[in-house]
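Report on one structure; see the data block that follows.
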Amino acid sequence: MEGNVRSEVDLLAAVTVLGVLEQAYFALQVIRARRKYKISPPETMGHPDFERIFRAQANCSEYFPIFLSLLWVAGIFFHQGAAAGCGVLYLHARFRYFQGYTRTAQGRLGPLYTSARLLWLLLGLAVAGLVAHFLLSPSCPWVLAWLLQLLRAP
């Protein structure tokens with residue numbers, strides 16, 4: 001891979017690795033809580049503190065593929081810096097979500113809403129980038145023909 005190609009995705013790669021490390025941290029917290037509260041796999045119920053830690057980790061894991069997909073599509077088709085910035089903010093919000101949820105169920109709500117807004121923002125950037133790509137791409141003349149057809153409609 002040439003240097004210029006790498007520089008087009010280096011921020012996205014860095015945020016991805018940071019996200020994987022965050023997921024590993026969350027998983028380690030579940031292992032630690034299992035030992036502390038003596039809850040062996042595959043059990044997922046027990047002490048309320050364990051259940052909150054387990055649920056926080058599971059929820060973060062459930063959203064991680066969505067986050068990664070939107071991060072990369074927004075970064076490649078819209079702007080790498082904007083997507084990476086949103087990505088770092090999202091990871092920070094998820095870390096705050098995890099910490100808040102481990103304390104109280106209500107403690108997760110503020111960071112949950114923040115992370116949801118950031119996912120919507122990444123989705124918007126991804127869609128905007130893809131639309132611009134297809135509308136401005138010389139390899140897709142059918143899009144221009146379709147738009148012209150729409151403009152001529154009564």
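The values are calculated or read from the model by the stated rules, or taken from the named source; none is laboratory data. Bear in mind the structure is a predicted one, so any value in this text is a computation, not a measurement. For neighbour counting, all protein chains shown are included, and Cβ atoms are generated from backbone atoms with ideal geometry for every residue, glycine included. Ligands, DNA and RNA are excluded from the accessible area calculation, which covers all protein heavy atoms including side chains. Shrake-Rupley method; radii C 1.70, N 1.55, O 1.52, S 1.80 Å.
Any idea what the relative contact order of the chain is, in percent, if you count C-alpha pairs under 8 Å spaced at least 6 apart?
Relative CO of the chain lands at 23 percent.
Measure nothing but the geometry: give the 0 to 90° angle between the long axis through the Cα atoms of 10-37 and the longest principal axis through the Cα atoms of the chain, rounded to 10°.
20
Suppose each label sits 7 Å from its Cα in the direction of the beta carbon; what would the Arg117-Tyr25 distance come out to in nanometres?
Each label point lies 7 Å from its Cα, and together they span 2.2 nm.
With angles folded into 0 to 90 degrees, how steeply does helix 109-136 sit against the dominant principal axis of the chain? Use alpha carbons for both and round to 10.
So the helix axis and the longest Cα principal axis differ by about 20 degrees.
Might you tell me the accessible area per residue for region 1-54, computed with a 1.4 Å probe and given in Å²?
I get 69 Å² per residue for region 1-54.
For Val5 and Ser61, FRET efficiency with R0 = 30 Å and r from the beta-carbon atoms, rounded to 0.05?
About 0.50, to the nearest 0.05.
Going through region 32-77, which GluC sites (Glu not before Pro) have at most 12 other Cβ atoms within 10 Å and a DSSP loop state?
Counting only loop positions with at most 12 other Cβ atoms within 10 Å, the GluC sites (Glu not before Pro) in region 32-77 are Glu43.
Just one of (i) 24, 21, 15; (ii) 27, 18, 16; (iii) 40, 18, 12 is semi-axes √(5λ) of the Cα gyration tensor in Å as worked out from the coordinates here. Which one is it?
(iii)
Taking the Cβ-Cβ separation of Ala82 and Asp49 as r and a Förster radius of 41 Å, what is the calculated FRET efficiency to the nearest 0.05?
0.60
Under a GNM of the chain (C-alpha, springs under 10 Å), which listed residue has the highest mean-square fluctuation: Thr114, Thr104, Thr16?
Taking springs between Cα atoms under 10 Å, the residue moving most is Thr104.
How large is the helix-only mean residue ellipticity at 222 nm for the chain, computed as the sum of -39500 (n - 2.57) over DSSP H runs with n ≥ 4, divided by its residue count, in deg cm²/dmol to the nearest 500?
-28500 deg cm²/dmol
Counting only protein heavy atoms and a 1.4 Å probe, tell me what percentage of region 1-74's accessible area is made up of carbon and sulfur.
The computed percentage sits at 63.
Output the relative contact order of region 15-100, whole-number percent, from Cα pairs under 8 angstrom with separation of 6+ residues.
Taking the mean separation of contacting Cα pairs over the length of region 15-100, I get 33 percent.
7 Å from Cα along Cα→Cβ at both Leu68 and Leu130: what's the point-to-point distance in nm?
1.8
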